[in-house]
Each structure stands twice: as structure tokens, then as C-alpha cells.
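Working notes, beginning with the structure itself.
The values are calculated or read from the model by the stated rules, or taken from the named source; none is laboratory data. These figures come from a predicted structure and were not determined experimentally. Using ideal geometry, Cβ is built from the backbone for each residue, glycine included, and neighbour counts are taken over all protein chains shown. Quick note on the areas: whole protein, heavy atoms, side chains included, nothing else; ligands and nucleic acids left out. Shrake-Rupley method; radii C 1.70, N 1.55, O 1.52, S 1.80 Å.
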Amino acid sequence: MARRIKKTTSFAAIHFAVAFGVSYLLTGSFVIASALAIIEPLVNTAAFFIHDWSWDRISTAETNSLSAQH
């Protein structure tokens, strides 16, 4: 779990920077870019955490299924 938290945190930091940069380039507004850089990555980071957790569950289920077949 600790690795997943670290991975999600580093993903969030990069995502915040990219979201701000792209938003600022598109709008020219520091305020709008800041708002978008906070809201969108927060939602996306939560989605990534759930996505990563889901993949771990799928992998575990497949491993258990293969073990049960033998």
C-alpha cells in the first residue's frame, strides 16, 4: 500500500504541473489555470488510485484462478 501511495502522489505532482501549464497556455489566466490545475488532477488522481487498485485485484484473481485450476 505504501508504494501505491508514493506512486499516486508522484503522479499527482506531475499531473498538477502539466494541468496548470496547459490551462495557463490555453486561458492566459493564472486564476482559471490554478483552479483547473487543482480540480481536474484531484479527480484524476483518485481515479488513478482506484484504477491501480482494480488492476491489482484483477491480477490477484487471475493468479488465484490459475492456481485453482492446477
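Values as computed for the structure displayed
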{"read-out": "Gain on full stretching of the segment that runs from F11 to W53 - 0.36 nm per residue minus C-alpha separation", "value": "13.7 nm"}
{"read-out": "Degrees, to the nearest 10: 2-27 long Cα axis against longest axis of the chain", "value": "30"}
{"read-out": "Portion, in percent, of the accessible area of the chain that falls on carbon or sulfur, probe 1.4 Å", "value": "72"}
{"read-out": "Degrees between helix 30-69 axis and first principal axis of the chain (Cα, 0 to 90, nearest 10)", "value": "10"}
{"read-out": "Residue-normalised accessible area of the chain, expressed per residue, 1.4 Å probe, Å²", "value": "76"}
{"read-out": "Calculated FRET value between V18 and A61, using beta carbons and R₀ = 30 Å, to 0.05", "value": "0.35"}
{"read-out": "Percent of Cα pairs exceeding the 14 Å cut-off, where the set is the chain", "value": "66"}
